[in-house]
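So the structure is just underneath, and the comments pick up after that.
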Amino acid sequence: MICFECGEEGEVHFHHVVPKSKGGRKLLPLCLTCHGLVHERKMTSSALTRAAIHRRRDMGLVYNHSVFGYDIKNGKLVDNPAELKAVNNVFKLKRHGFSLHQIAKKLNAIGVAGKRGGKFYASTVKAIYDNDLHKRRFNVGEQLNFFYNFGDLK
C-alpha cells in the first residue's frame, strides 16, 4: 500500500485523523516514518504493539489472556480476590528472601492452583513477580493482608 503523506510503497499503518476515543473513523495509510512524525516519535511495528498493549493495560482493558490475579469481565480486567491473595504472598515471601522455587513449593503445599488449575513452578512465580500490574499494585500502594499462614517467615 502507498503512504498518504510521502507516497512510499510498503508497510503502512492506518492513522486515525480524529482519535478513536473522540469518535474518529477516518483512517489514513501512513508509512512507519510518517506515522512516527505524526505522533512525534519513532514508530516500529514492535513499538506500536508495545504501546498499544501498555495503553490497554493502563486503561484496565484486556490486552492478552487474563493475568493471574485478574479475571476478564466485559472486556476488562477485574480483581480475582483468591488469586490476588496468592500474588500478595509471592511479593511478601520474596521480600523475606524466599527463592522463586521455595515460593512455588509453598503455594503448591497449601493447595493454591495456577490460572488454569495447574501447579506453580519457579517460572510461574517469576512471571507473577515480573508482571507490571502486580509490581505497581504490590510494591507500591495498596497491600492486602497476609491471607495464608506459612509459618515462620525468618
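Bear in mind that the values in this text are calculations on the coordinates, not laboratory data. Not measured: the values here are computed from a predicted model. Reconstructed Cβ throughout: ideal geometry from the backbone, glycine too, with neighbour counts over all protein chains shown.
What's the center-to-center distance, using Cα atoms, between segment 52-84 and segment 92-115 in Å?
22 Å
Only loop residues by DSSP count here, and only those with at most 15 other Cβ atoms within 10 Å; note down the trypsin sites (Lys or Arg not before Pro) in segment 1-36 that meet that.
R25, K26
Can you compute the equivalent ellipsoid semi-axes for segment 80-139, i.e. the square root of 5 times each eigenvalue of the Cα gyration tensor, sorted largest first and rounded to whole Å?
16, 14, 10
Going Cα to Cα from K119, which lysines come in below 29 Å? Please leave out same-chain ones fewer than 8 positions away.
K73, K76, K85, K92, K94, K105, K106, K135, K154
Once you have the Cα-Cα distance between A51 and R25, take 0.36 nm times their residue separation minus that, and quote the gain in nm to one decimal.
Details: separation 26, 0.36 × 26 = 9.36 nm, distance 2.04 nm.
Net length gain for the segment: 7.3 nm.
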